[in-house]
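The values are calculated or read from the model by the stated rules, or taken from the named source; none is laboratory data. Predicted model only: the values in this text are computed from it and were never measured. Cβ placement follows ideal geometry from the backbone for every residue including glycine, while neighbour counts extend to all protein chains displayed. Each accessible area value is taken on the protein alone, full model and side chains, heavy atoms only, with ligands, DNA and RNA left out. Shrake-Rupley method; radii C 1.70, N 1.55, O 1.52, S 1.80 Å.
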Amino acid sequence: MKTGRFVVEDADGGHNNQLTIYIIFDKDFQSSVIAKAFNKNGLEIGRAKIDVKGKTDEAGYFDFIFG
């Protein structure tokens, strides 16, 4: 699994709380994935967890919403 383009946007009334990542699957994959957000000082400021599933040679966009 590798990543391509990503975008940070506003979602559900938040401010820069949605991370959308394009994921490319080089083999079958099904698992939970955690994205972590850090501030300028390297301090963790949020986590979002989603279930990701894809087959070999598939790709798609996945949204992580930070609460």
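Here is how the numbers come out for the structure above:
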item: DSSP-loop GluC sites (Glu not before Pro) across the range 4-67, with at most 16 other Cβ within 10 angstrom; result: Glu58
item: Average projection area in nm² (convex hull over Cα atoms of the chain, one quarter of hull surface); result: 4.6 nm²
item: Farthest positive-ward along the chain dipole, Cα basis, beta-carbon charges - from Ile45, Phe64, Phe6; result: Ile45
item: Extension gain from Glu9 to Asp57, taking 0.36 nm per residue of separation minus the Cα-Cα distance; result: 14.6 nm
item: Accessible surface, the chain, averaged per residue in Å² (probe 1.4 Å); result: 75 Å²
